[in-house]
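Enquirer: My questions will all concern the structure given below.
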Amino acid sequence: MSLEYLLYPESIAVIGASRTPGKVGHEILVNLLEGGFKGQIIPVNPSAEEVLGLKCYPELSAYKGTLELSVIAVPAPSVRGAVESSIKAGAKAVVVITAGFSEVGPEGAGMQSDIMQLCSESGVRLLGPNCLGLINTHHHMNASFSKQIPKTGVISVLSQSGAICTAMLDWAAARHLGLVKLVSIGNKADLNETDFLLEFAEDK
């Protein structure tokens with residue numbers, strides 16, 4: 001299945017968008033804006049009417065437009081509901097940034113299996129959970145919480161580890177090296193190395 005909606009979305013919801021600098025939901029929103037994303041950005045936070053100058057929705061069901069990608073940065077117990085609302089809103093792909101799943105033990109593994117089943121039954125691709133997010137400089141999209149925004153280039157980076165992705169971004173910046181895509185796959189509940197290697201092999 002093509003990863004077009006994950007790598008080239010025209011609309012992105014950030015569930016857990018925050019007004020507080022340093023919080024993951026805030027940094028993702030900042031990166032989308034500063035990276036120059038040209039599509040629709042939909043912040044979701046029940047405690048805010050506006051975040052970084054963007055209209056904020058109390059819940060995703062209040063947004064009536066088209067949604068292609070949902071980036072989720074809420075506490076682990078709330079992730080299932082966020083995935084469910086994303087699917088109902090029409091998302092074709094979901095990125096779960098949140099940690100606290102299979103990497104922490106059986107209870108987390110059960111929650112991870114649950115969200116994977118939701119996505120699988122709906123034909124929605126899932127990146128993560130427990131990941132840094134992803135970047136596509138050719139699409140002006142930084143859907144990650146990395147502090148480093150790379151310039152565009154011809155190299156793509158794929159890693160299970162968000163820490164390795166961050167190190168690669170710092171390394172590339174220090175050498176003025178551009179990147180095309182950077183993907184942190186985290187726990188690999190759905191998408192894994194093979195999916196992205198196949199995608200990147202066809203990337204002109």
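The values are calculated or read from the model by the stated rules, or taken from the named source; none is laboratory data. Computed from a prediction, not measured in an experiment: that's the story for all the values here. All Cβ positions, glycine included, derive from the backbone under ideal geometry; neighbour counts span all protein chains shown. For the accessible areas, the whole protein counts, side chains as well, though only heavy atoms, and no ligand, DNA or RNA atoms are used. Shrake-Rupley method; radii C 1.70, N 1.55, O 1.52, S 1.80 Å.
Enquirer: State the percentage of accessible surface on the chain attributable to carbon and sulfur atoms; use a 1.4 Å probe and exclude ligands, DNA and RNA.
Expert: 53
Enquirer: Using Cα springs under 10 Å in a Gaussian network model of the chain, which residue among 177, 60, 158 shows the largest mean-square fluctuation?
Expert: Of 177, 60, 158, the most mobile in the Gaussian network model is 177.
Enquirer: Compute the distance from the alpha-carbon center of the stretch 53-70 to that of the stretch 80-143, in whole Å.
Expert: The stretch 53-70 and the stretch 80-143 have Cα centres separated by 17 Å.
Enquirer: Please report the relative contact order for the stretch 1-68, taking Cα pairs under 8 Å with a sequence separation of at least 6, and give it as a percent rounded to a whole number.
Expert: Value for the stretch 1-68: 34 percent.
Enquirer: Could you tell me which label, among [x] 15.0; [y] 12.4; [z] 10.4, carries the value of mean projected area of the Cα convex hull in nm² calculated for this structure?
Expert: So the structure-derived entry is [z].
Enquirer: Quick one: of 55/88; 64/188; 23/204; 38/151, which pairs are farther than 28 Å apart, Cα to Cα?
Expert: 64/188; 23/204
Enquirer: What residue among 108, 65, 25 has the largest mean-square fluctuation in a Gaussian network model of the chain, using Cα springs under 10 Å?
Expert: Of the options given, 65 has the highest mean-square fluctuation.
Enquirer: Next question, about the same structure. Show me the GluC sites (Glu not before Pro) within the stretch 1-68 that DSSP assigns to loop and that have at most 11 other Cβ atoms within 10 Å of their Cβ.
Expert: Answer by residue number: 49.
Enquirer: Tell me the GluC sites (Glu not before Pro) within the stretch 143-204 that lie in a loop according to DSSP and have at most 15 other beta-carbon atoms within 10 Å.
Expert: Within the stretch 143-204, the qualifying GluC sites (Glu not before Pro) (loop, at most 15 other Cβ atoms within 10 Å) are 202.
Enquirer: Please build a GNM for the chain, connecting alpha carbons under 10 Å apart, and tell me which residue among 138, 26, 176 fluctuates the most.
Expert: Sorting by GNM fluctuation, first place goes to 176.
Enquirer: Hey, what's the chain come to in accessible area per residue, 1.4 Å probe, Å²?
Expert: Accessible area per residue, the chain: 46 Å².
Enquirer: Mind putting a number on the dipole of the chain about its Cα centre? Charges go on the C-beta only, +1 for Lys and Arg and -1 for Asp and Glu, and I need it in Debye to the nearest 20.
Expert: So the magnitude is around 480 debye.
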